[in-house]
Structures are given as C-alpha cells and as structure tokens.
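Trainee: Quick one: the structure is below, and I'll ask about it shortly.
No value in this document is a laboratory result; all are computed from the given coordinates. The structure displayed is predicted, hence computed values, not measured ones.
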Amino acid sequence: MAKQMPPEVQTALDKVKRRGQMMNVAFAGANRMVEQDDRWGPSDHTDGTNQDGDMDAALDARNATDTQKALLGDVTWRTVLDEEVAKLYAARTPEELADHLLDVMAVAGSWAMRLQDRAAGTPR
C-alpha cells in the first residue's frame, strides 16, 4: 500500500507544476514577439496613452469589474483584461505604462494557461 504524500509536499509540487506552466506560456509569448520582429522588424511606435477620456475609461472598467463581482460573485477573464488594458491606456508615465503592460501580459498569460487547463480537463 502506497504512502500518502504529506499535504505540504503536494502543495509544493503543485506550485512547481504551475510555475512550469507559467514558463511555457511566457516562452510562447516570447516566441510570438520574435515572430513579430521577424515579420515587421523592431518597432518604435509612439505610446498613444493618456489621451482625453482614458482615465474615465479606466475608472469605468474598474467599476465594471466591481459590479460583475458584486452581481455574479466572480468576474470573467474578459472583464479583468479590459480593466488592465484601460489602466494602461490611462498611464501617465513610461514607468506606469511599463507596469500596466506587464499586468496585461500577466492576465493574458493566466487566461491562456486556464484555457490549456480546460483543454486538458484540469479543474481549477
């Protein structure tokens, strides 16, 4: 009869597995960036952020997230991503913009991981 793994060991193993999934998603994103550079070359577009209405849109997106959470008890990936994108559009400094871009990347990566989990039949 096999011994049952202690819960703290199972938790540690689950974290390692999740981090491995995160690295796979990050690697896929990095590959996509390379593909874009290969296709169009390195880009240096203007940011186009902090325009009229962007701060209001960010607040509206935050309110939508809060409302959805209050009404449904949960939020959708789309709502979370919409909020993060709206916040990056409202960014006022390059540092704030870079921080919000990483937030968008994190939400998009988490969403992609969840889609992979669903396809594999892995419950969350």
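Trainee: Identify which of the listed values of Rg/Rh (Cα atoms, Kirkwood Rh) was calculated from the structure shown: (1) 1.08; (2) 1.29; (3) 0.92.
Mentor: It is the one labelled (1).
Trainee: Still on this structure: Taking a ≥ b ≥ c as the square roots of the Cα gyration tensor eigenvalues, with a/c under 1.5 meaning rounded and otherwise prolate when a/b beats b/c, else oblate, which class fits segment 49-120?
Mentor: oblate
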